[in-house]
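Asker: Here you go, one structure.
The values are calculated or read from the model by the stated rules, or taken from the named source; none is laboratory data. Source: prediction; values computed, not measured. All Cβ positions, even for glycine, are placed from backbone atoms using ideal geometry, and neighbour counts span all protein chains on display.
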Amino acid sequence: MEELQAARARIDRIDAELARLFAERMAAAAEIGAWKRAHGRPVRDPAREAELLARNTARIEDPRLRPYFGRLLETLLVESRRWQGEAQADLAPVLRRGALAEAGAVLPRQGRIFLVTDDGIPAPYVGALAGQCRSCVVYSLPQGEASKSPEQLTELLRAMLAAGLTRSDCVAALGGGVVCDLAGLAAGLYMRGIDCCYFPTSLLAMVDAALGGKTAIDLDGVKNAVGLFRQPRAVVIDPDTLATLPPRQLANGLAEAVKMALTHDAALFARFEDPAGYGDPEELIAACLKIKSAVVAADEREAGLRRVLNFGHTLGHGIEAAAEGRLLHGECVALGMLPMCAPPLRERLRAVLERLGLPTYVNFHEIDPERVMAAVVHDKKAGPEGCIESVFVPEPGRFEFQRLTAAELRARLMLLAQN
Ligand SMILES: NC(=O)c1ccc[n+]([C@@H]2O[C@H](COP(=O)([O-])OP(=O)(O)OC[C@H]3O[C@@H](n4cnc5c(N)ncnc54)[C@H](O)[C@@H]3O)[C@@H](O)[C@H]2O)c1
């Protein structure tokens with residue numbers, strides 16, 4: 001009896017020590033998960049797991065015990081992978097008023113910061129971020145969609161090379177979706193990929209472009225034709241920077257927020273329908289972040305569910321291409337959503353968009369529908385047999401995928417004609 005109790009006491013002590021070591025091991029796994037996320041590496045690393053299993057199993061002297069220990073380690077590896085995945089999902093963006101003043105905390109302490117911005121971003125924001133970096137080079141792009149070009153990408157990469165950036169340096173993107181898309185892509189390509197942090201300053205970038213790890217430039221009139229999936233090391237959102245955003249740009253971002261409300265959150269859409277206004281921008285951004293993070297966590301590479309975020313984009317991208325810079329991205333998305341809603345909802349959406357200052361009709365004398373359709377079918381979302389996958393919303397908070405022919409999409413487009 002005494003021996004039994006003594007052995008049980010030993011096991012209790014060992015289990016307590018194992019629990020402590022387990023927590024320590026999982027903390028290290030979470031760090032590895034964060035690094036892999038920042039560098040776009042998959043959680044699973046079969047070669048490393050096999051090596052770790054063989055090396056540690058060999059440490060058990062009694063050969064009869066080795067298979068037992070091997071199985072224990074295998075379980076540990078499975079749980080560790082699961083935890084790495086969860087820890088990655090935990091790397092939520094920082095969203096706080098005044099966050100830009102402390103944003104430097106997310107930047108690596110070692111190495112240099114290559115701060116990419118555009119010439120429309122107020123100088124105090126650039127100064128605030130640059131002032132928090134130990135060593136910083138500022139590179140300013142011409143503002144606007146035209147900067148998402150191969151020429152501008154090459155110029156940016158040349159500037160990074162000329163600055164002597166190394167793999168331990170980091171790109172900081174401060175600006176709207178254009179800066180995030182271009183700087184994120186350049187960071188992903190330079191020396192096979194260096195770290196990048198996003199500091200979105202437009203509402204559109206805060207609710208959409210800075211999240212989810214998609215980067216791209218346009219090519220030959222095709223939007224986002226060339227890009228990478230690559231998660232940033234961190235995203236810091238300071239809603240105070242919206243104070244200087246021109247009203248048209250604010251409405252542009254609201255279009256993407258309405259998109260998320262329509263497809264995922266009926267209560268959020270009701271806030272847009274409230275004649276008193278949609279309320280606090282910080283809450284609005286938080287609601288959109290929640291939706292986008294959930295969609296991206298379920299389908300990072302856009303193999304399925306993430307395509308829902310293209311709601312309004314099929315026709316929207318076509319209109320954007322045909323408008324040749326006269327309409328903003330969000331304005332085109334607003335237009336593109338209307339024909340893709342059930343008729344009763346379409347009228348409710350039209351009222352919301354009008355209140356937000358977004359367009360709801362297209363003047364087809366100025367924008368050629370044939371050019372819109374040519375861009376739509378060339379868009380990367382065109383599927384086999386000429387069918388184009390589109391997202392349809394029958395009622396707020398619900399969506400369906402529809403496969404439409406070009407003729408069917410053209411008929412939907414013409415619903416936007418002003419009477
Ligand atoms: N990667 C993605 O997942 C994703 C998602 C949605 C959109 N996008 C892309 O985002 C781009 C559009 O982004 P956008 O609407 O932010 O446009 P943008 O980056 O061109 O910014 C809009 C304008 O606002 C100015 N600006 C930005 N912040 C400001 C501030 N705080 N104060 C004053 N001026 C400010 C900029 O200088 C610019 O002139 C498009 O190219 C689109 O394809 C990407």
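Asker: From Val171, Val179, which residue is aliphatic (A, V, I, L, M) and touching a Leu at 6+ places or on another chain (Cβ under 7 Å)?
Answerer: Exactly one residue qualifies, and that residue is Val179.
Asker: Right, here's the next one. In the stretch 197-237, what count of residues is obtained for those that are under 13 Å from Gly175 (Cα atoms) and more than 9 Å from the ligand (Cβ to nearest atom)?
Answerer: Result for the stretch 197-237: 6.
Asker: For the stretch 208-247, what are the residues that are part of a strand (DSSP E or B) and among the basic types (Lys, Arg)?
Answerer: Lys214, Lys223
Asker: For the subset of the stretch 203-226 comprising residues that are more than 14 Å from the chain's Cα centre (by Cα) and of a type in the set (Gly, Ala, Ser), which member is surrounded by the fewest Cβ atoms within 10 Å (Cβ to Cβ)?
Answerer: Gly221
Asker: Let me ask something else about it. Of all residues in the stretch 263-281, which are surrounded by 17 or more Cβ atoms within 10 Å (Cβ to Cβ) and out of contact with any Leu (no Cβ under 7 Å at 6 or more places or on another chain)?
Answerer: Passing the criteria: Thr263, His264, Asp265, Leu268, Arg271, Phe272.
Asker: Can you tell me which residue among Val333, Val296 is assigned by TED's automatic domain parsing to the domain that holds Pro396, modelled with pLDDT of 95 or more and either within 12 Å of the ligand (Cβ to nearest atom) or touching a strand residue (DSSP E or B) at 6+ places or on another chain (Cβ under 6 Å) (or both)?
Answerer: Testing whether each residue is assigned by TED's automatic domain parsing to the domain that holds Pro396, modelled with pLDDT of 95 or more and either within 12 Å of the ligand (Cβ to nearest atom) or touching a strand residue (DSSP E or B) at 6+ places or on another chain (Cβ under 6 Å) (or both) leaves just Val333.
Asker: Something else: Identify all residues within the stretch 26-51 that are surrounded by 15 or more Cβ atoms within 10 Å (Cβ to Cβ) and part of a helix (DSSP H, G or I); write none if there are none.
Answerer: Result: Met26, Ala29, Ala30, Ile32, Gly33, Ala34, Lys36, Arg37, Ala38, Glu49.
Asker: Of all residues in the stretch 277-297, which are touching a residue at least 24 places away in the same chain (Cβ under 8 Å) and part of a loop (DSSP other than H, G, I, E, B)?
Answerer: Within the stretch 277-297, just Tyr278 meets the criteria.
Asker: Would you check if there is a residue in the stretch 234-254 being crowded, with 21+ Cβ neighbours inside 10 Å, in the same structural domain as Ala334 (by TED's automatic domain parsing) and touching a Lys or Arg at 6+ places or on another chain (Cβ under 8 Å)?
Answerer: no
Asker: Also, I was wondering about something else. Conditions: (1) within 16 Å of the ligand (Cβ to nearest atom); (2) of a type in the set (Asp, Glu); (3) assigned to a helix (DSSP H, G or I). Glu302 meets all but one. Number of the miss?
Answerer: With respect to (1) within 16 Å of the ligand (Cβ to nearest atom); (2) of a type in the set (Asp, Glu); (3) assigned to a helix (DSSP H, G or I), Glu302 is out only on (3).
Asker: Give the residue that is nearest to the ligand (Cβ to nearest atom), with candidates limited to residues of the stretch 177-194 that are among the hydrophobic types (A, V, I, L, M, F, W, C) and closer than 29 Å to Leu254 by Cβ.
Answerer: Val178
Asker: Report yes if Asp274 is more than 15 Å from the ligand (Cβ to nearest atom), touching a residue at least 60 places away in the same chain (Cβ under 8 Å) and charged (D, E, K, R), otherwise no.
Answerer: For Asp274, the condition - more than 15 Å from the ligand (Cβ to nearest atom), touching a residue at least 60 places away in the same chain (Cβ under 8 Å) and charged (D, E, K, R) - is not met.
Asker: Turning to a different aspect of this structure: Name the residues in the stretch 52-79 that are out of contact with any Gly (no Cβ under 7 Å at 6 or more places or on another chain), β-branched (Val, Ile, Thr) and not in a loop (DSSP other than H, G, I, E, B), would you?
Answerer: Residues satisfying the conditions are Thr75, Val78.
Asker: From (1) within 12 Å of the ligand (Cβ to nearest atom); (2) under 21 Å from the mean Cα position of the chain (by Cα), pick out the condition that doesn't hold for Ala243.
Answerer: (2)
Asker: Here's a follow-up. Within the set of pairs 6 or more residues apart or between chains, which connect a residue that is modelled with pLDDT under 90 inside the stretch 1-26 to a residue that is surrounded by 10 or more Cβ atoms within 10 Å (Cβ to Cβ) with Cβ atoms less than 7 Å apart?
Answerer: Within 7 Å, the pairs are Met26/Ser80; Met26/Trp83.
Asker: Among the residues of the stretch 122-163, which ones are more than 18 Å from Leu107 (Cβ to Cβ), in contact with a strand residue (DSSP E or B) (Cβ under 9 Å, 6 or more places away or on another chain), among the aliphatic types (A, V, I, L, M) and away from the ligand (no atom under 16 Å from the Cβ)?
Answerer: If the condition is that a residue be more than 18 Å from Leu107 (Cβ to Cβ), in contact with a strand residue (DSSP E or B) (Cβ under 9 Å, 6 or more places away or on another chain), among the aliphatic types (A, V, I, L, M) and away from the ligand (no atom under 16 Å from the Cβ), then Ala159 is the only one that fits.
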